[in-house]
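Contents: one structure, followed by commentary.
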Amino acid sequence: MAVITATSMSGPAARVVTRTTLGSSDTFTFTSTKSPILILDNVTAGALTVTIDGDGATTRVVEGIGTINLSAGYSTGSIAAGACVAIPLNSISSYLAGTIAVTGGSGIKATLLEMS
């Protein structure tokens, strides 16, 4: 299990970005006040579907919709070989309660940027 380490983007100038090669199950720390963005770069030869799942995410009541089950985690959908996706983590924060597991992305290069 690898830990996806965040790179701070606060302050001026260029910086070295930490990239983590995903294995079967990886983790990261979600800090909503830092407007984090998770970048998943599929450098493998095949399409992969990544699931991001906080073990404390169960359900959420959404006005006008009802109760939504979050327990299966957030799925990126298929990420084609050679494709790169960016996920503003605050937009999926309901899925990130508790200890976070990132699965299904073996071989993907992950970058976690924190903006403030």
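The values are calculated or read from the model by the stated rules, or taken from the named source; none is laboratory data. Treat the numbers as computed from the prediction; the structure is a model and nothing was measured. All Cβ positions, glycine included, derive from the backbone under ideal geometry; neighbour counts span all protein chains shown. Side chains are part of the model used for accessible areas, which takes the heavy atoms of the whole protein and leaves out ligands, DNA and RNA. Shrake-Rupley method; radii C 1.70, N 1.55, O 1.52, S 1.80 Å.
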Problem set entry | Scan of segment 76-97 for residues that are part of a strand (DSSP E or B) and crowded, with 18+ Cβ neighbours inside 10 Å, ordered by number | T76, I79
Seminar exercise, completed: Scanning segment 98-111 residue by residue, those farther than 26 Å from T59 by Cα, within 12 Å of the chain's Cα centre (by Cα) and either open to solvent by 30 Å² or more (accessible area, probe 1.4 Å) or acidic (D, E) (or both) turn out to be K109
For this session: Would you mention how many residues in segment 64-75 are surrounded by 15 or more Cβ atoms within 10 Å (Cβ to Cβ) and polar (S, T, N, Q)?
Result: 0
Exercise. Tally time: how many residues in segment 44-75 are among the hydroxyl-bearing types (S, T, Y) and either part of a loop (DSSP other than H, G, I, E, B) or in contact (Cβ under 8 Å) with a residue 24 or more places away in the chain (or both)?
Worked result: 6
Problem set entry | Residues of segment 3-48 classified as aliphatic (A, V, I, L, M), out of contact with any Cys (no Cβ under 8 Å at 6 or more places or on another chain) and open to solvent by less than 70 Å² (accessible area, probe 1.4 Å), total | 9
